[in-house]
1. Taking the stated definitions as given, is Ser138 under 22 Å from Pro390 (Cβ atoms) and without any contact (Cβ under 8 Å) to a residue 60 or more places away in the chain?
2. Out of everything in the range 297-339 that is surrounded by fewer than 18 Cβ atoms within 10 Å (Cβ to Cβ) and at positive phi, what residue ends up being farthest from the chain's Cα centre (by Cα)?
3. Would you point out which residue out of Gly489, Gly559, Gly522 is over 21 Å from the mean Cα position of the chain (by Cα) and modelled with pLDDT under 95?
4. Looking at Ser97, Ser138, Ser110 in this structure, which one is of a type in the set (S, T, N, Q) and either at pLDDT below 95 or surrounded by 20 or more Cβ atoms within 10 Å (Cβ to Cβ) (or both)?
5. Out of the range 142-187, which residues are in a helix (DSSP H, G or I) and closer than 25 Å to Ser220 by Cα?
6. Of all residues in the range 67-93 being under 16 Å from the mean Cα position of the chain (by Cα) and part of a helix (DSSP H, G or I), which is surrounded by the most Cβ atoms within 10 Å (Cβ to Cβ)?
7. State yes or no: is Gly32 crowded, with 24+ Cβ neighbours inside 10 Å and within 24 Å of Ser283 (Cα to Cα)?
8. Is it the case that the range 421-442 has a residue that's of a type in the set (D, E, K, R) and surrounded by 19 or more Cβ atoms within 10 Å (Cβ to Cβ)?
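The values are calculated or read from the model by the stated rules, or taken from the named source; none is laboratory data. If you're wondering where the values come from, they're calculated on a predicted model, not measured in any experiment. Reconstructed Cβ throughout: ideal geometry from the backbone, glycine too, with neighbour counts over all protein chains shown.
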Amino acid sequence: MVNNEHQVQRAYLNRDMTQADQNNTYDYIIIGAGSAGCLLAKRLTENPNKRVLLIEAGKSDNYIWIHIPVGYLYCIDNPRADWRFRTSNEVGLNGRSLLYPRGKVLGGCSSINGMIYMRGQTGDYESWVAATGDESWSWKNALKRYKQFEDYHGEANEWHAKGGEWTVSKQRLRWPIMDIFRQAAVEAGIPASDDFNCGDNFGVGYFDVSQRKGWRLNTSKAFLSDAAKRSNLTVITEAMVTKLKIDPISKNCYGVEYLQNAVAAEAFCAIDQGGEVLLTAGSIGSVQILERSGVGAAAHLEKLGIPVIQDLPGVGENFQDHLQLRMIYKVSGINTLNAKVHSLFGKLMIGLEYVFKRSGPMSMAPSQLGAFAFSSPEQKSANVEYHVQPLSLEKFGENLHTFNAFTASVCNLRPTSRGSVHINSIDPEAPPVISPNYLSTEEDRKVAVESLRLTRKIVGSTALQAYVPDEYKPGKQYQTDAELIQAAGDIGTTIFHPVGTCKMGRADDPFAVLDSELRVRGIHHLRVVDASAMPTITSGNTAAPTMMIAQRVAELLTGE
């Protein structure tokens, strides 16, 4: 097997190239057209002398519900746009398994996510510097990269830029109950804020969103639509990458194998001219492809009968995610979206407002109001985040409640729990085993208890009392630490922010899969460029940081 693979690579590099060979050889092969892949395709094709192939397992993003902001309700758990993964039964969630959406469409998760534009906080990036020894990942340097692709709704300033591909907009709606919650948070000691992207997020205010004139902005629209007009970019959709072509002797990654319409195909990378394969399939998908290709923990690969090319025990480990605790409060004397959607006239007005104004509930991100706070005085920076919504429901995918209510979801921004993602079959269609290991550390359980109590403190502020807030979930009967930990397991659910499964790190870190320039250790001409590269999770939503990571690699590859 080893000799055969090596002979194939040698024959490929030494052959006289036919026209067909030339058409199937690229300077860069990008695997995954998501938040990182689309940006890379745009940046790398700016050089007309570089040929780029972008391979996406999903379909085109020409599905109307991708572009209407509220359409995430019809995209998540829909095979048209979602891989439809699930987690293992989680001990910390009292044995529950969660739906775990990942985008399977052009634009990747940016086509189905919550549209919140969030960079994280200064300390997030300083921890990356500490993990890698590379100052290029500092907040100061990351900020420069964010500004390279940003088109901010306000004036250009120290923190924001105009003219980039990625539109950052104000939300096109407000809700009285959200303004009242904001006032309550201020009364509870959380200052008002109008910008969560300046490095210190402590405060309460409305989120900025990734929308353009009331439509969702995904990375396909922002970056790929222009790049696709260039003759040096080839985009292939509905193509499942089965494995990377890696010579086990030289450790050169020189191409990919994929299935399209059940037909096996391959593409080659011009590694003799400095070409590279760029794996941008996300914290789940990149692990699957690496492990199927023989890159990962040797013991695990051998159990599956996969020849080991590079023993990297960190592949699939270090899984981190934000777990939100969804507290629901009934209210009286004020309408929420619950009442509006249960009225035929209300539904009609919602539709008309969007058709004529591109505003109202159909333009809503899943969460509108945000707050960053300290769960306890011992924290050095804001360590919990609120996503507040003028609605409530039992669980995602079900109808809104018939009573008026709001939801205050709070998450631990810096969880210490670590999980894993691994394949358990060589079948590329088989789902991976996703084990987040939520609430598995004493620290995370402590922050969960503090978070629930902090929410009760906010809701108990004077501003909300006129509306008689009544805790529907988890319920006032949960009071002791043990009871609140039980409640957290009952109401906790993911915000879909998996990171860290191919983390970058120092050479002496045995679980670092990548170096600080995102090159796979021990393999040549291969990088992983997505959220899996993060050594630790950022303080907030992860789409924008993933684009920033891609911007960094684009700089490295183009020499800019």
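1. The answer is no for Ser138.
2. Here the answer is Gly333.
3. On the way: Gly489 fails: modelled with pLDDT under 95; Gly522 fails: modelled with pLDDT under 95.
The match here is Gly559.
4. Numbers: Ser97 fails: either at pLDDT below 95 or surrounded by 20 or more Cβ atoms within 10 Å (Cβ to Cβ) (or both); Ser138 fails: either at pLDDT below 95 or surrounded by 20 or more Cβ atoms within 10 Å (Cβ to Cβ) (or both).
Being of a type in the set (S, T, N, Q) and either at pLDDT below 95 or surrounded by 20 or more Cβ atoms within 10 Å (Cβ to Cβ) (or both) holds for just one of Ser97, Ser138, Ser110, which is Ser110.
5. Of all residues in the range 142-187, those in a helix (DSSP H, G or I) come to 142-149, 176-187.
Correct list: Ala142, Leu143, Lys144, Arg145, Tyr146, Lys147, Gln148, Phe149.
6. Tyr72
7. yes
8. Checking the range 421-442: not a single residue is of a type in the set (D, E, K, R) and surrounded by 19 or more Cβ atoms within 10 Å (Cβ to Cβ).
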